[in-house]
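First comes the structure, then the notes that go with it.
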Amino acid sequence: MNYCFFFFFFQAEDGIRDAQESRGLGDVYKRQCKDSIAQEYLMDCVIQVFPDQMHIATLETFLNTCTQLQPQVNVKSILVNLMDRLANYAQSCVEQAAGGFVCEIKAFNVFTQYIAKVIQQQSSLELKDILELQVSLVNFALQAYPERRAYVDHVLKFCGQFIDKKLKNEPLPDDCASLVERLLTTPLRAYKSILEVLELQHYSVLLAALELEERTTVAVHVVRNMTKNQTPIVDGVQFERLLELMRPLLEVQDQDGSLVDEELEEFEEQQHMVARMVHLVSCEDVDMQFQLLLLLRKHLGMAGPKRICFTMPSLVMAALRHAIKVRFMERSTPQAERNFQISAKKILEFVHQILEKALKPTYPELAFKFYMSAAQSSNVCGHRKIAYEFLSQGYQIYEREIADSQTQIDAITMMVGTVQACRGLTEEEYDAFSTKTTLYASKLLQKADQTRMLALCSKLFWSPDTSATGLNLLQLSQEISIRQGKRAVEALRRGVKVASECEANFENVPLYVELLNVYLHHFGVHNDQIEVKWINALISLLQDNVAALQQADPEAPSIAHYARTRQYIQQMMAEDARYSDIDLNP
């Protein structure tokens, strides 16, 4: 073969535009020798050396030649290289803002036609070879014709039918499964919205041909596409299809209990992705939104205990957010003008069901946190009885299930914040929860923890106004105003007494400083039961103890904390005459 003539032919200016020269290319191909190695080398040279525009102009001629090569030539590799080359060209056209891929012929149809001829002619092609061709064809279709989803669906349909005909329900070989996985993940990387993938009618059919491991990989790509592009799901049919694609991530699997190290880390990351996906379920129609949440509950409920601790919390928070939205609509829309059926009360009952049946039996500590969150949301919605029920359930969990000291401290802290915010309760209900919380604080194992939690609980008894806190989101009337200054003082004095018993290693110094700050807080919010003499007594206690601590450990954090507290008192003396009775130098 005279390769010099071949190269000279294609370097002619405007040669790629002339139809006669395209026919001339056919003449060049006809002059090839019959050696299979030479033929394959020549075709590869054409693909690699000459411009993309030439390949487009001479596409049919080139592909027709491929069908006439020696049987020993690896035509599959030639076609794959050409499709990949043109796919890269199409992508570069988009990236360079060149107006996109322009082709006078229907390149996808041409490729499809000639690939079918090659498959028919070369009976030696294995399933793996045919799938490799289809992977490149899908990639080309996505880059050159991104708006033509029918092209991608055509390839998926062909592959599904061909696999079914070839294997007859036998499992896919590993190398073929890997290629089918690529067929399914390539659209996920190309499309900017998961909704485009959901419109591919034959996607799920081909997915069913894979084993669990490969289906899980595809499911991960599905969720990653959705979370990366922040695609909202607003339609029930679409959501059903999406959850079907995600099934391997949503259902309990045999190997869940035996995961270790890297496998466990990968599993947790997958479940975190599912949890993030939940927050993308967002529909303006509040009735439809609730139906989507019900659908989620159905699928997440099949996930098994190892998975629900990651995914159910997202569903609970999404439901609570929806309840507040619906409650706002209920309050702002007259009954006769409402175009929705769902109520905030029904959504809160849905949350209660999730906590009671899904989280509480296996993850009581996690359920406790969400009982507290649900109580706050119920209070915001103005449903006092439901808020009371959530609080009661949370307190029961504390008494029966929470034994670890640090977890108890975290729980009491959350109780204080939650109860303090629940102003829709009656005074009797509020007092019952406040008293219980203070009792829990006094029974902590470590005296230092008792002191700190008692100081925190004192705020439950004097908090007359929450209008400036942003807690009253729907501007509901607050049933109670907390002005039990005497009980706040009792909690603080009990804290001081417990702190006085912590003498080892100056442990009482940071406790006294913290108590002093809480006393100052109450004094600042005008708790009429706080007397200056108790503040002065604490300062007197601290003077001697801090002096001794400075000698033992000059760098102790409580020394600096006390110094900042004194600076605050001095600042307030200049602003508020009430502070002038505080004696900083007893």
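Hey, if we sort 534, 462 by accessible area with the 1.4 Å probe, largest down, what's the order?
Most to least solvent-accessible, the answer reads 534, 462.
I'd like the accessible area for residue 105, computed on protein heavy atoms only with a 1.4 Å probe and all protein chains in place. Round to 10 Å², please.
For residue 105, solvent-accessible area is about 50 Å².
Multiplying the sequence separation of residue 531 and residue 201 by 0.36 nm and subtracting their Cα-Cα distance, what value in nm do you get? Can you show the working numbers first?
Values: separation 330, 0.36 × 330 = 118.80 nm, distance 7.57 nm.
In short, 111.2 nm is gained.
Just the number, please: carbon plus sulfur as a percent of the accessible area of the chain, 1.4 Å probe, no ligands or DNA/RNA counted.
C and S fraction of accessible area: 48 percent.
Reachable aspartates and glutamates from residue 34, Cα under 18 Å, same-chain residues fewer than 8 places away excluded?
Within the straight-line limit of under 18 Å, residue 34 reaches these aspartates and glutamates: 44.
By how many nm would the segment from residue 329 to residue 401 lengthen if fully extended, with 0.36 nm per residue of separation less the alpha-carbon distance?
Result: 22.1 nm gained on full extension.
Can you list the HN-Hα couplings for the range 230-247, worked out from phi with the Karplus curve (6.51, -1.76, 1.60; θ = phi - 60°), rounded to whole Hz and with x for Gly and Pro?
6, 7, x, 9, 10, 10, x, 5, 4, 5, 4, 5, 4, 5, 5, 5, 8, 3
Expressed in whole Å with the largest first, what are the equivalent ellipsoid semi-axes of the chain derived from the C-alpha gyration tensor as the square root of 5 times each eigenvalue?
After diagonalising the Cα gyration tensor, the semi-axes are 72, 28, 23 Å.
So, for the chain, what is the accessible surface per residue at a probe of 1.4 Å, expressed in square angstrom?
Result: 49 Å² of accessible area for each residue.
What is the set of long-range amide H partners of residue 259 at a cut-off below 5 Å, with H atoms built 1.01 Å from backbone N?
The list, which skips near neighbours in sequence, is empty: none.
With respect to the cross-link table entries 106/128; 459/486; 298/357; 486/533, which display a Cα-Cα separation exceeding 20 Å?
Listed pairs above 20 Å: 106/128.
Sort 526, 383 by heavy-atom solvent-accessible area, probe 1.4 angstrom, most to least.
Most to least solvent-accessible, the answer reads 526, 383.
What do you get for GluC sites (Glu not before Pro) in the range 188-244 restricted to DSSP loop and a cutoff of at most 13 other Cβ within 10 Å of the site's Cβ?
Values: sites: 196, 199, 211, 213, 214, 240, 244; in loops: 199, 211.
Taking the range 188-244 and a limit of 13 other Cβ atoms within 10 Å, the loop GluC sites (Glu not before Pro) found are 211.
Using a 1.4 Å probe and ignoring any ligands, DNA or RNA, find the accessible area of residue 521 and quote it in Å² to the nearest 10.
Per-residue accessible area (residue 521): approximately 70 Å².
Whole-Hz Karplus ³J(HN,Hα) for the range 370-377, in order, using 6.51 cos²θ - 1.76 cosθ + 1.60 and θ = phi - 60°, x for Gly and Pro?
7, 4, 5, 5, 5, 5, 4, 5
Can you list residues from other chains, or at least 5 along the same chain, whose modelled amide H is less than 5 Å from the amide H of residue 233?
Distant-sequence amide H within range of residue 233: 281, 282.
Round to the nearest 10 and report in Å² the accessible area of residue 352, as given by a 1.4 Å probe over the protein chains' heavy atoms.
In the full protein context, residue 352 sits at about 50 Å².
What are the GluC sites (Glu not before Pro) within the range 83-171 that DSSP puts in a loop, where the Cβ has at most 11 other Cβ atoms within 10 Å?
Loop-located and lightly packed - 104, 147.
Normalised by the residues of the chain, what does the relative contact order come to in percent, with Cα pairs under 8 Å and at least six apart?
Relative contact order, the chain: 6 percent.
Just to confirm my numbers, what's the Cα centroid distance between the range 267-317 and the range 180-230 in Å?
19 Å
The values are calculated or read from the model by the stated rules, or taken from the named source; none is laboratory data. Here the structure is a predicted model, which is why all the values come from computation and not from measurement. We place every Cβ from the backbone using ideal geometry, glycine too, and count neighbours over all the protein chains shown. Ligands, DNA and RNA are stripped out before the accessible areas are found, and what is left, the full protein with its side chains, is counted by its heavy atoms. Shrake-Rupley method; radii C 1.70, N 1.55, O 1.52, S 1.80 Å.
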